[in-house]
Amino acid sequence: MGAGTQECEVLVVGAGPVGLALSIELGSRGVRVLAVERSARGGSAPRAKTTNVRTRTHLRRWGIADRLADASPFGVSYPNDILFVTSLAGHRIAHFRNAFNAAPTRSPDYPEHAQWVPQYTLEKVLREHAQTLPTVELRFGTSFRAAEQDSAGVTSILRDAGGAEQRVTSRYLAGADGSRSAVRDVIGAKLVGRERLARHYNVVLRAPELARAHAQPPAVMYWQLGPRGVSIVGPMDRDGRWFFMPPSVKEGEVLSDAQVAEALSHSTGIATPVEILSSDEWIASELLADRYRRGRIFLAGDACHLHPPFGGYGMNMGVGDGVDLGWKLSAVLAGWGGETLLESYEAERRPVHQAVIDEAVANHATLAGPLWRDGLADDGPASEALRREVGERLLASKSREFHTLGTVLGLGYEDSPLNAGEGGPPPARNGQVYRPTARPGYLAPHAWLPDGRSLYDAFGPGFSLVVADGAEEAEVANAVRDAHALGVPLEIVRPAGVPVAALYDAPLALVRPDQHVAWRGARWTSPLRRATGRGGE
C-alpha cells in the first residue's frame, strides 16, 4: 500500500463527461470530491459530437455554456444539418436542417441551443471548470481496484500508473466508469437486454483537401448511400479532421490504413491524401443494469445503460445522471435530504433511460441501407425521380432521429416518490415535439424575462418557489416557514413580465434544484418533506 488513507465525501470513478458532470454538480455545492480516471482522456476518438439543449442548459447553470460555444470548431452558426447523398461527389437525396435544435436562435422553450462539438472539446471545458472548484480533485492515470462498504461509508483501493496503491474512504462512491464498469461488478449489477444489435467501425482521419474537394452544402454529417451499404462522414475539427464510418465491415475485421483510405475514396468519390488518426469498433446494444445502487455505491452513464447512438442521446443522458445524482447526494450530505432522495435516483432515471433506449433502437432500425436502388447515383430524369422517391422516404423515416426535442425535454419523472402527485393520465408523448407542462416531475416550463435573462437564471441552487402576480402572500410565507424549519434552501422567484399562473397552470410552483417541478397549487400543502425525500406531506 502506498501513501496514507485519503478521505473525501464522494469518490467518483471515471472522469469522462458523466464523471465530470457529477463532480461539478457536487463541487458547485461544496462537496469534497475525488474523481479518478485510469486514462489520460482527450485523444481523437469520435465518441459523441452533439451536446444537446438540456446538457448545455446544465452548463449554463454552471456558468460555462459560453465557454463551450467559444470552443466550437467551426463556430456555433455553422449549419447543424444532416445530408443524405449518393456520395460527397455525387447527388443530394435528402436534407435535414437544424438537427437537434442547434441553431443559435432564441427559443421560448429552452435557454441554450444544442451544439455540435467533439466530445474531447466538451471534456476539456468541463475538466477546466472542475479544476477551478476548491473541493474537487481530479486525478488521471489512476485506476479503481476494489471497494467495501459499511453503514458509515465506503473504503476503496486505487492504483496509480506506477503500481502504487492507496486507500480512500468516502461517504459515497459513484461509478461513472463506462460500459466495462468495475464499480458495477462491485455491487453485483448485471446489464440486461439485447447485445450486438450491429457492429460499426469508426475512423478519425485528417484529410485537409476534402472540404474543398466536394460541392455539397455545409453540414455536420453526410450519410452516403451506395451499393456497398451506408457510410457516414463529416467534418470534426479545424485541422482538416473528419470522422468516417465505412460501410459493410465484417465481424472481427480490422481495416488497415490503406483499406480505410480506399473505402473513403470509394464512398465519397474523391481521391485525397489521408492520415488515419484512430480506428475503433463499437457494438450497438440495448442494455440496462438490473440495479443502479447498492447501499452507498451508485452507477451513472454507460455503467448502467447502453444503447445505439442514433439520436445523440447517450453522453447527454449520462450528464443528466450526474446532475440528478449530484444534487441528491449533496442534499443528503448537507443534512436536508432524506434516504428516499437517494432511492429516487434509480426510480426517476431508469424509466427515462428505457424511453430513450426505445427511441435509439427505433432510429437504429431505420438505417438507410435497404434504400439503395440501382440507378440512384446516375444522371438523368429517371434517376432524379428515384432520388426524390428515396428522399421522401428518408424524410419520413429519419426525422425522428434528428428532431428530438420532445424526448430531450419532454420526458418526466412521472412516478417519482418525490412528486406531489396530481392523478390523472400523464401528458401524451411525442418524441419530436416538446409541449411544456408543469405537472410535477416534468421540466419547469421556460420563459424569457424582460431584461433578457432566462427564467431559469432566477432559480436558486436549492429549491425555488415560482410565484405569480396575485398569489396569496400568506401561502408564500408558509413555504418560507417550512423551508426554514426543514433547513431546505429556498429561493422565492417573482418573475416580472412572466404569466406564471398561465405558464404553470397554478399561482405557485415548487421547482427542484435540477429545474423539475415538484409541486404546484394555490394553497401551500407542505410538499418539501416529500420533495426532499424525508416522508410524505
For the range 319-358, alpha-carbon Rg over 2.2 N^0.38 Å: 1.25
For the range 373-380, Karplus couplings with θ = phi - 60° (6.51, -1.76, 1.60), whole Hz, Gly/Pro x: 9, 4, x, 4, 9, 7, 8, x
Amide H partners (placed H, <5 Å) of residue 216, local residues excluded: none
Relative contact order of the chain, pairs being alpha-carbon contacts under 8 Å that are 6 or more residues apart, as %: 15 percent
Largest-first principal axis extents, alpha carbons of the range 412-531, Å: 41, 36, 25
Vicinal HN-Hα couplings computed from phi for the range 263-274 (Karplus, 6.51 cos²θ - 1.76 cosθ + 1.60; Hz; Gly/Pro x): 5, 5, 4, 5, 6, 8, x, 10, 8, 8, x, 9
Sum of -39500 (n - 2.57) over DSSP H runs of 4+, divided by residues of the chain (222 nm, nearest 500): -9000 deg cm²/dmol
Cα centroid of the range 126-176 to Cα centroid of the range 322-355, whole Å: 20 Å
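Determine the gain in length on full extension of the stretch residue 355-residue 449; use 0.36 nm per residue of separation and subtract their C-alpha separation, reporting nm with one decimal.
Details: separation 94, 0.36 × 94 = 33.84 nm, distance 3.25 nm.
Between residue 355 and residue 449, full extension yields an extra 30.6 nm.
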Intensity falloff of the range 1-122 expressed as log10 I(q)/I(0), Debye formula with alpha-carbon point scatterers, at q = 0.12 Å⁻¹: -0.59
Trypsin sites (Lys or Arg not before Pro) within the range 150-183, DSSP loop, no more than 16 other Cβ atoms inside 10 Å: 180
Net charge of Cβ neighbours under 11 Å - reference residue 378; Lys, Arg +1; Asp, Glu -1: -1
Radius 14 Å from Cβ of residue 158, net charge of other residues (Lys, Arg +1; Asp, Glu -1): -2
Tail weight of P(r) past 32 Å, computed on alpha-carbon pairs of the chain, percent: 46 percent
Whole-number percent relative contact order across the range 385-537, with pairs defined as alpha carbons under 8 Å at least 6 apart: 24 percent
Within the range 305-343, backbone nitrogen closer than 14 Å to the virtual label 7 Å beyond the Cα of residue 280 toward Cβ: 315
Residue-wise HN-Hα coupling along the range 73-82, computed from phi with Karplus coefficients 6.51, -1.76, 1.60 (Hz; x: Gly, Pro): x, 10, x, 5, 8, 4, x, 8, 9, 10
Charge dipole of the range 412-531 about the Cα centre (unit charges at C-beta), most positive-ward option of 416, 489, 526: 416
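Every number in this text was worked out from the coordinates using simple rules, so none of it is lab data. Predicted model only: the values in this text are computed from it and were never measured. Cβ atoms come from the backbone with ideal geometry, glycine included; neighbour counts cover every protein chain shown.
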